[in-house]
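**Student:** Encoded as structure tokens, here's the structure I'll be asking about.
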Amino acid sequence: GEAICSLATIGFQISYGIPIFLRLYYARYTFYQNDEGFHLGALSVPFAVISCIWLFGTSILFFLPTLYPIDKENFNYSIVCVSFIIFIGIIYWYVSARFWFKGPNRVDPRTINDRSRLDPSLGAT
């Protein structure tokens with residue numbers, strides 16, 4: 001039961017951390033910011049750094065065993081499971097997915113005059 005709870009939590013943390021990390025390091029200056037939505041302004045970078053550090057650190061804690069001394073009965077096998085999943089994912093990327101996966105089509109809403117193309121419920125303007 002311990003490994004299942006750890007795996008679920010680590011999975012959530014990885015799924016939260018990946019977009020924050022990618023937004024911070026790869027799309028910091030090219031990411032479209034909606035003028036109508038919520039934005040942290042100058043605090044977005046410090047909060048992203050703190051979030052990445054927190055998610056990484058707490059994920060490491062979930063890999064650790066909860067009892068001492070460590071034996072095969074109380075070892076936390078979540079590190080084995082996560083390593084296996086990452087290993088299979090990397091192999092799949094290099095063998096197949098990198099040849100056909102292109103990612104989502106990005107549309108810059110600032111270049112579109114007809115907002116109905118973004119949201120059909122708006123109707124033609």
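**Student:** Select from region 77-98 the residues that are under 22 Å from residue 66 (Cβ atoms), open to solvent by 70 Å² or more (accessible area, probe 1.4 Å) and not aliphatic (A, V, I, L, M) and write down the one among them that is farthest from the chain's Cα centre (by Cα).
**Tutor:** Filtering region 77-98 for residues that are under 22 Å from residue 66 (Cβ atoms), open to solvent by 70 Å² or more (accessible area, probe 1.4 Å) and not aliphatic (A, V, I, L, M), the one farthest from the chain's Cα centre (by Cα) comes out as 77.
**Student:** So, one more: What are the pairs, 6+ residues apart or on separate chains, where a residue within region 40-61 that is more than 12 Å from residue 23 (Cβ to Cβ) has its Cβ under 9 Å from a residue that is not in a helix (DSSP H, G or I)?
**Tutor:** Going by the 9 Å Cβ cut-off, the qualifying pairs are 46/40.
The values are calculated or read from the model by the stated rules, or taken from the named source; none is laboratory data. Since the structure is predicted, the reported quantities are computational estimates derived from the model, not experimental observations. Neighbour counts run over all protein chains shown; Cβ positions are idealised from the backbone, glycine included. Heads up: the accessible areas ignore ligands, DNA and RNA and are worked out on the full protein's heavy atoms, side chains in. Shrake-Rupley method; radii C 1.70, N 1.55, O 1.52, S 1.80 Å.
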